[in-house]
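The values are calculated or read from the model by the stated rules, or taken from the named source; none is laboratory data. Worth saying up front: this structure is predicted, and the values here are computed from it rather than measured. Cβ coordinates were reconstructed from backbone atoms using ideal geometry, including for glycine residues, and neighbour counts include every protein chain displayed. Keep in mind that these areas ignore ligands, DNA and RNA; they rest on the heavy atoms of the full protein, side chains included. Shrake-Rupley method; radii C 1.70, N 1.55, O 1.52, S 1.80 Å.
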There are 2 protein chains.
Amino acid sequence: MSESDQIHKVVIIGSGPAGWTAAIYAARANLDPVVYVGVAKQSPAIQLPGGQLMLTTDVENYPGFPDGVSGPQMMQMFQKQAERFGTKTQPRDIVSVEFNSDGPHKLVTDKDETVYAHTVILATGATANWLGLENEQRLARNGGGVSACAVCDGALPMFRDKPLAVVGGGDSAMEEATYLTKFASTVYIIHRRDELRASKVMQERYLSKPNAEVKWNSVVEDIKSTTNEHGQEVISAVVLKDTTTGELSDLEVGGLFVAIGHTPATGFIKDSGVTFNEKGYVQLDGKTTETNIPGVFAAGDIADDHYRQAITAAGTGCQAALDAEHWLGDRDLI
Amino acid sequence: MSESDQIHKVVIIGSGPAGWTAAIYAARANLDPVVYVGVAKQSPAIQLPGGQLMLTTDVENYPGFPDGVSGPQMMQMFQKQAERFGTKTQPRDIVSVEFNSDGPHKLVTDKDETVYAHTVILATGATANWLGLENEQRLARNGGGVSACAVCDGALPMFRDKPLAVVGGGDSAMEEATYLTKFASTVYIIHRRDELRASKVMQERYLSKPNAEVKWNSVVEDIKSTTNEHGQEVISAVVLKDTTTGELSDLEVGGLFVAIGHTPATGFIKDSGVTFNEKGYVQLDGKTTETNIPGVFAAGDIADDHYRQAITAAGTGCQAALDAEHWLGDRDLI
């Protein structure tokens, strides 16, 4: 770097609940934060500025909105609040990083700009894995009954007393499916093999529900949709293919929940020296948001494969900003 | 307990951001949560339903409210949201508990009612510490110019253009004192040592104000009061003792703000078997909200003396509900 290069106090990468909350707190502490809204698009994750909430039509569990709020609207309010206190928003992706324990850290944008920062908050989140079907994304984005998060969306009125399908065979699929049995007429787990990967206790918990079923040796080949009484396109059935016979059949459902895991958006820091846990998420130090690299913090789903809620991500975004502020203060950098 | 006693799946004690968020998540998971809004009043804490936010006029850093929101209004929205999904609110304090590792747990209200629960979420928060001087509480309760929250009370007309004292030396003392410089003729930080514990940036932010002063090596020995034109008892001066010489002197002030930390509201669980950390806060297991007692979880400031923000408390409230849900599921209690 040259003498004339500006070194930011805090650069935040990612623009979901964690990133914007970090920005609100950093801005109010006069740290002049800059938010880079995304990271380079990476497979299989669909990386969105605003995070997974951009795919959520109706957020009912973020505290403070008794009547619910749409995901994109909520992210707009977060951004407005961050900018009100002086956050600068850069509509750029960060494509590569060079973290230096002696600081400052170097980041490169998708326009090949170089950015320097004393502290970096990683908040690029994780993205749900999808099936890759043609109308899956459209139905997911428009509240058409396709979702990758039963805990977020399962309690919505549109799913009440309807048959619902869950794709997956692991513990989270069991968990999502079990959760849905409270609302659905019947829940169908759709699984490509003849046995589940999930732990026995999780399987049993699901299978003990009177309205729990499993479609073995089945994969979803297609999603059928119809127009509801509000003129909205909604799912009507999934087309199942039997993996042993190849036979196709329709299964009428009012909702499809894809539960085949998440992928943390860590592609841009793969070779940065940041330590990951066994699942590929950023490893944090104890209850703080500190990574193994001095001055580099992580918040939200990029470091959390367990709770993964908007409110928990926002909470850790706040923590990351406070941790970064202390870190800077301790080194007389503010 | 008798056969006819109802055992709740989840009882939440406390009604700040952590308690209501736990309730939102527990209610949406059909766990029929019951919120007991407070715990028995305990010294030195003044325990408020709704938590510390009930004393906060303007919350600007809770994400989702770009134009700010008042603390009580925000807590009302949280409560409304929790109740919308079926949370039952009990306007009662819990005065004692009997936690049983084999469950269920037993709670007793201030009306001597007995409540049973498979899981309990402790979310009673923390409250401001006081100096323990004779007339401090009387002046605080009767609007006599003594307060533990500058942000809540500092803007009142009675403090305008008056000299004001702030006791403390940490970051929150700096924050409160800096805030008061907007209204006061002079702000005096009164600190027992010859250097502040606060971070450098917070100190500098305060000291850069033209009407900011510090009384070093000083403690408040007494509060003097007078009767104002409305016949009301109000503070007129603090008696300072020099910690090096022992000398006493009067400092005329129109207000005294106590900023010497917080105490977790744990009186009702002191002998319950719950493990506390060295500072007296509830000790949690790793990154979860689990206490050492099976089925007992803690969220918010009762288990956090570090971040202590509305958004972090809400985040952990969500975690506690999800942790409780898993715990119940693992034991076939839902």
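What number of residues within segment B:103-114 are touching a residue at least 60 places away in the same chain (Cβ under 8 Å) and farther than 16 Å from B:Q6 by Cα?
Going through segment B:103-114 one residue at a time, the tally reaches 1.
Working only within segment A:123-172, note down all residues that are of a type in the set (S, T, N, Q), touching a helix residue (DSSP H, G or I) at 6+ places or on another chain (Cβ under 7 Å) and under 13 Å from A:I223 (Cα atoms). Break it down into steps so the answer makes sense when it comes.
First, the residues of segment A:123-172 that are of a type in the set (S, T, N, Q): A:124, A:127, A:129, A:135, A:137, A:142, A:147, A:172.
Checking which are touching a helix residue (DSSP H, G or I) at 6+ places or on another chain (Cβ under 7 Å) leaves us with A:124, A:127, A:147.
Within segment A:123-172, just A:S147 meets the criteria.
Could you tell me how many of the residues in segment A:21-40 are surrounded by fewer than 24 Cβ atoms within 10 Å (Cβ to Cβ) and not aliphatic (A, V, I, L, M)? Matching residues across segment A:21-40 total 3.
Taking A:T186 as the residue in question, decide whether it is free of Cβ contacts under 8 Å to residues at least 60 places away in the same chain and under 26 Å from the mean Cα position of the chain (by Cα).
Values: free of Cβ contacts under 8 Å to residues at least 60 places away in the same chain: yes; under 26 Å from the mean Cα position of the chain (by Cα): no.
The answer is no for A:T186.
Scanning segment B:72-108 for residues that are open to solvent by less than 60 Å² (accessible area, probe 1.4 Å), away from chain A (no Cβ under 12 Å) and small (G, A, S) gives B:S96, B:G103.
Counting only residues that are touching a Lys or Arg at 6+ places or on another chain (Cβ under 9 Å), give me the strands (runs of 3 or more DSSP E) lying completely in segment A:220-334 with at least 2 of them.
In segment A:220-334, the matching strands (runs of 3 or more DSSP E) lie at A:233-242, A:248-252, A:262-264.
Take the conditions within 28 Å of the chain's Cα centre (by Cα) and at pLDDT 95 or above and apply them to B:V201. Does it pass? When the stated conditions are applied, B:V201 does not pass them. Looking only at segment A:189-218, residues that are in contact (Cβ under 8 Å) with a residue 40 or more places away in the chain and either among the aromatic types (F, W, Y) or open to solvent by less than 40 Å² (accessible area, probe 1.4 Å) (or both) come to 1 in all. Residues in segment A:283-315 that are under 21 Å from A:L53 (Cα atoms), at the interface with chain B (Cβ under 9 Å from one of its Cβ atoms) and out of contact with any helix residue (DSSP H, G or I) (no Cβ under 6 Å at 6 or more places or on another chain): 2 in all.
Inside segment B:98-118, residues that are touching a His at 6+ places or on another chain (Cβ under 8 Å) and within 16 Å of B:G273 (Cα to Cα) make up a count of 5. Scanning segment B:166-216 for residues being among the hydroxyl-bearing types (S, T, Y) and more than 14 Å from every other protein chain (Cβ to nearest Cβ) gives a total of 4.
State yes or no: is B:Q232 of a type in the set (S, T, N, Q) and more than 14 Å from chain A (Cβ to nearest Cβ)? Break it down stepwise before answering.
On the way: of a type in the set (S, T, N, Q): yes; more than 14 Å from chain A (Cβ to nearest Cβ): yes.
The answer is yes for B:Q232.
If you go through segment A:207-247 one residue at a time, how many are in contact with a strand residue (DSSP E or B) (Cβ under 8 Å, 6 or more places away or on another chain), among the charged types (D, E, K, R) and farther than 28 Å from A:E175 by Cα? Lay out the reasoning, then the answer.
The first filter runs over segment A:207-247 and keeps only residues in contact with a strand residue (DSSP E or B) (Cβ under 8 Å, 6 or more places away or on another chain), leaving A:207, A:209, A:211-215, A:217-228, A:233-243, A:247.
If we keep only those that are among the charged types (D, E, K, R) too, we end up with A:209, A:213, A:215, A:221-222, A:224, A:233, A:241-242, A:247.
Pick out the ones that are also farther than 28 Å from A:E175 by Cα and you get A:247.
Number of matching residues: 1.
Among the residues of segment B:324-334, just one is within 9 Å of chain A (Cβ to nearest Cβ) and open to solvent by less than 30 Å² (accessible area, probe 1.4 Å), namely B:G329.
In segment A:116-141, how many residues are open to solvent by 20 Å² or more (accessible area, probe 1.4 Å) and closer than 25 Å to A:M158 by Cβ? I'd like the intermediate steps shown before the answer.
Applying the first criterion (open to solvent by 20 Å² or more (accessible area, probe 1.4 Å)) to segment A:116-141 yields A:116, A:118, A:129-134, A:137-138, A:141.
Then keep just the ones that are closer than 25 Å to A:M158 by Cβ; that gives A:129-134, A:137-138, A:141.
Going through segment A:116-141 one residue at a time, the tally reaches 9.
Each residue in segment B:142-162 was checked for being open to solvent by 40 Å² or more (accessible area, probe 1.4 Å), in contact with a strand residue (DSSP E or B) (Cβ under 8 Å, 6 or more places away or on another chain) and modelled with pLDDT under 90, and 2 of them qualify.
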